[in-house]
Amino acid sequence: MAAAAAAHAFASSRRAFVAVSVAAVPAMAAGAAFAQPAARPAGAAALEEVVVTATRVDESGFELPVSIDRVDRRAIREDQPRVNLSETLNRVPGVVVQNRQNYAQDLQVSSRGFGARSTFGVRGVRLIADGIPATMPDGQGQTATFSLGSADRIEVLRGPFSSLYGNAAGGVIQILTADGPPRPTVSGGLIAGSYDTWKLATELGGTSGHGGYLADLSHFETGGYRDHSAARRDHLNAKVKSRTGAGAVTLVVNSLDQPEAEDPLGLTAAQVVADRRQAGTNALAFNTRKSVTQTQLGVTWDHDLSAAERIEARAYGGDRQVTQYLAIPLLVQAGPRHSGGVVDLDRGYGGIGLRFTRTGGIAGGRYTASVGVDHDRMDEHRVGLVNDLGVAGAVKRNEDNTVASTDIYAQAQWRIGGRWTLLAGLRHSRVEFESTDYFITAANPNDSGSRDYSRTSSALGVSYEAIPALSVYASAGRGFETPTFAELAYRPDGATGLNFALQPALSIHRELGAKARIGERMRANVVLFRADVTDEIVVDRAAGGRTTYKNASKTRREGIEFEGDTRLGGGFEAGLAWTLLDARFEQAFTSGAPPVAVREGNRLPGVPPRVLHGGLAWRHAATGFHAGVEGRHSGKIYVNDANTAFAPAYTVWNLRAGFEQRGRDWRISEFARIDNVTGTRYIGSVIVSEANARYYEPAPTRNFLVGVQASLRF
């Protein structure tokens, strides 16, 4: 992978979490090198060594003082529809990815409790695809553009070092597209399942001369589990990589077309009991829906200046168009200071980055040091119109918004005496917001304005390899998180214009962990962590289609993460990921109208206090058959700051199995899976602090999926 942002995962930890992988446990990612014995029992393959892009270069993660997990290609692809990150990332401890069953609002992603309050898209967690940010400079991102069909691996970073990737406090999720295969290969696949869900995909790749290419094209449709939740998605992801002497140039093209994705909205508790599959209030009357079209082109370049020095660069640009119809009563929309029920966005974005890396020896140790600069910018034209029962009406808002971020960073790793490793980094970020208002009337004054945020983030960690099979580490760091444009959109006093009084949330992170390699077939990681936040951004008021935010409280997030996986004899594989998280407000405050007291000690909404994910799989190499079972448990989740309502705890079980047939130049595989095999009725995700108590988004009961894929090499 190439340039600046390509590196993301500042990290360590191994990953694999075999757990659910019905057919195979993914290779563990904290992977460090380990000795290979002369012989091993039949059917008990060793876990592979795994490298991660930790100090912005490929590194074995075992000795690094950071928490990073890696999900490999087999876990992403095998027996999966490859549509949503929730299929695989829930096996990563500390990370919660909830499928809303609502393609108009994207997935709900949180890391150690950061990002849980987002009502749409992803915030608090930075997203990167092939070195190119999938998070805008204001901190808001989308996972829908991630191409799982062509992914080689996903890396997930949590803890202090995630702040060195810019405007995000919770972590970093990076997806990396596979290189083209050595020989020209074409493949195609079809899946079909419950609720009129189906996907057709084709992939073409190969190598020519010094370059390789891979293109993945897919068409996905679903009728949706709930009423008014149908969606269609066409997705293209293509990568061309050319090696040029001492370097490489990589071109990535990504295009997403998701027209008229229906939005079923949230349900009240009473509506869930009456009919969990119904659409929410006014969803049908106002035909709530969202259309998204996005096209992006990115290029990364890396070049070895010498055996010890390397330079990397990236540049990208894209266009995103969004039209969304919201369910807001016409009487409210008619108000002189309301921006309507239709959002029409035309957004252009892009950025550049440059990084220099040097490796060498100093004081008897080995170091890797990098310095770099990133600049990212987003320009959008936003229009708000009245939603006249599903038809766009009068203009109520018209403005240009710009947000740009400039970041300068430096980081270094120093390996001392073969056992000690120091890791340190600094990043100075400046984020500039500007809004130009064109909708000026007697009731709507000129609301143009601007606001700048700047902060220096830092992180320091040390690890010690006590014995070759055990590494312990500690790290600490400071981060910050600006408001997004969505959170700045309205002022709490009801006046027009952006809420530039919002301050960034500042955080201090600490963690203490250990990584163990037990023989060649077992790995385990455990980490204790704590994050303290001041000026936490919380919901102030939510009414009439408007949600306003304020800085209200100090919060604390602390807990423990554990994961382990093993490859047993007889073709068995097993894994476990377990998270305990205590996330609370440390100061009392009030919110809402009329004001509601939020007591000190209340739990942060949207954050489960415990999550357990585990699985057992069996593979018969001679016949190409595999089968597995996985389970997931989540504790109850409060849905508002006052903790007056919650979604109950749940446990679900999934089964899956598959076959594979191979020839010299061809391969065919089939699979079937049953999710929620016991038919448990549970709430899959929640809408935090929803104005009308429509907090709940029910998950499907028992559902199935079958698929077939074939590939041919030339």
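The values are calculated or read from the model by the stated rules, or taken from the named source; none is laboratory data. What you see is a predicted model; the values in this text were computed from it and never measured. Ideal geometry is used to build each Cβ from the backbone, glycine not excepted, and the neighbour counts take in all protein chains shown. Side chains included, ligands, DNA and RNA excluded: accessible areas come from the protein's heavy atoms. Shrake-Rupley method; radii C 1.70, N 1.55, O 1.52, S 1.80 Å.
Give me the extension gain from residue 554 to residue 680: residue separation times 0.36 nm, minus the current Cα-Cα distance, reported in nm with one decimal. Could the numbers behind the result be given before it?
Values: separation 126, 0.36 × 126 = 45.36 nm, distance 3.65 nm.
Full extension of this stretch gives 41.7 nm more.
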Any chance you could run the full-extension gain for residue 668 through residue 590? It's 0.36 nm times the residue separation minus the Cα-Cα distance, nm to one decimal. 22.2 nm
What lysines does residue 199 reach when the alpha-carbon gap must be under 30 Å and sequence neighbours fewer than 8 apart in one chain are set aside? 239, 241, 290
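Calculated from DSSP H runs of 4 or more alone, at -39500 (n - 2.57) each and per residue, what is the 222 nm mean residue ellipticity of the chain, nearest 500?
Working: 4 runs with 19 residues, N = 714.
Mean residue ellipticity at 222 nm (helix-derived): -500 deg cm²/dmol.
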If you average the sequence gap of Cα pairs under 8 Å that are 6 or more apart and divide by the length of the range 547-586, what percent do you get for the contact order? 49 percent
Can you tell me the accessible area per residue over the chain, all protein chains present, probe 1.4 angstrom, in square angstrom? 36 Å²
At residue 227 and residue 446, where each label point lies 7 Å from the Cα along Cα→Cβ, what is the point-to-point distance in nanometres? 4.9 nm
With a point put 7 Å past each Cα toward its Cβ, work out how far residue 210 is from residue 306 in nm, to one decimal. 2.2 nm
Per principal axis, descending, Cα span of the chain in whole Å: 81, 55, 51
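For the range 382-431, give the magnitude of the charge dipole about the Cα centre (Cβ charges: +1 Lys/Arg, -1 Asp/Glu; no others), in debye to the nearest 20. Mind dumping the intermediate values first?
Values: 7 positive and 4 negative charges, 78 e Å.
So the magnitude is around 380 debye.
With a ≥ b ≥ c taken as the square roots of the eigenvalues of the C-alpha gyration tensor of the range 183-310, please select rounded if a/c is under 1.5 and otherwise prolate if a/b is larger than b/c or oblate if it is not? Don't skip to the answer; put the middle values down first.
Values: a/c = 3.67, a/b = 2.45, b/c = 1.50.
Taking the square roots of the gyration eigenvalues as a ≥ b ≥ c, the range 183-310 is prolate.
Treating the beta-carbon of each Lys and Arg as +1 and of each Asp and Glu as -1, no other charges, what is the dipole magnitude of the range 105-219 about its Cα centre, to the nearest 20 debye? Walk me through the intermediate numbers first.
Values: 8 positive and 9 negative charges, 79 e Å.
Here the size comes out at about 380 debye.
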³J(HN,Hα), Karplus 6.51/-1.76/1.60, whole Hz, each residue of the range 395-408, x for Gly, Pro: 6, 10, 7, 7, 7, 10, 10, 9, 9, 9, 10, 10, 10, 10
For residue 200 and residue 651, what does the FRET efficiency come to when R0 = 35 Å and r is the distance between their Cβ atoms, rounded to the nearest 0.05? 0.55
Per the C-alpha gyration tensor (a ≥ b ≥ c, the square roots of its eigenvalues), the range 630-714 is rounded if a/c is under 1.5, else prolate if a/b beats b/c, else oblate; here it's prolate
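Classify the range 505-570 from the C-alpha gyration tensor, please: rounded if a/c falls under 1.5, else prolate or oblate depending on whether a/b exceeds b/c. Intermediate results must be reported in sequence, preceding the final value.
Details: a/c = 6.72, a/b = 2.48, b/c = 2.71.
Oblate.
Leaving ligands, DNA and RNA out of it, report the carbon-plus-sulfur percent of the accessible area of the range 591-639 at a 1.4 Å probe. The partial results should precede the final answer.
Working: 1340 of 2120 Å².
Carbon with sulfur: 63 percent of the solvent-accessible area.
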What does the extension gain come out to for residue 331 and residue 582, with contour length at 0.36 nm per residue minus their alpha carbon separation? 86.2 nm
Could you size up the charge dipole of the chain around its Cα centre, putting +1 on the beta carbon of Lys and Arg and -1 on that of Asp and Glu, and report it in debye to the nearest 20? 1520 debye
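Could you tell me the calculated FRET efficiency between residue 514 and residue 270, based on Cβ-Cβ distance and R0 = 51 angstrom, to the nearest 0.05?
Numbers: r = 48 Å, r/R0 = 0.93.
Here the calculated transfer efficiency is 0.60.
For the range 285-372, what does the relative contact order come out to in percent, with C-alpha contacts under 8 Å and a separation of six or more? Intermediate results must be reported in sequence, preceding the final value.
On the way: 164 pairs, mean separation 25.1, N = 88.
Computed value for the range 285-372: 28 percent relative contact order.
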Straight-distance crosslink candidates among aspartates and glutamates, where the alpha carbon sits under 14 Å from residue 396 and sequence neighbours closer than 8 are dropped: 344, 388, 437, 447
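Going by average Cβ density within 10 Å per residue, which order do the peptides 266-279, 333-346 take, highest to lowest?
Details: 266-279: 17.4, 333-346: 19.4.
Those peptides, ordered most packed to least, come out 333-346, 266-279.
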Please compute the net charge surrounding residue 178, taking Lys and Arg as +1 and Asp and Glu as -1 over other residues with Cβ under 13 Å from its Cβ. +1
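If you take the beta carbon distance between residue 621 and residue 472 as r and set R0 to 22 Å, what does 1/(1 + (r/R0)^6) give as a FRET efficiency, to the nearest 0.05? Spell out each step's value before the answer.
Working: r = 36 Å, r/R0 = 1.65.
E(calc), rounded to 0.05, equals 0.05.
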The simple spin-label model distance between residue 388 and residue 297, using points 7 Å out along Cα→Cβ, in nm, is 4.0 nm
Using θ = phi - 60° and the Karplus form 6.51 cos²θ - 1.76 cosθ + 1.60, what ³J(HN,Hα) does each residue of the range 231-238 get, whole Hz, x for Gly and Pro? 8, 9, 9, 10, 9, 10, 9, 9
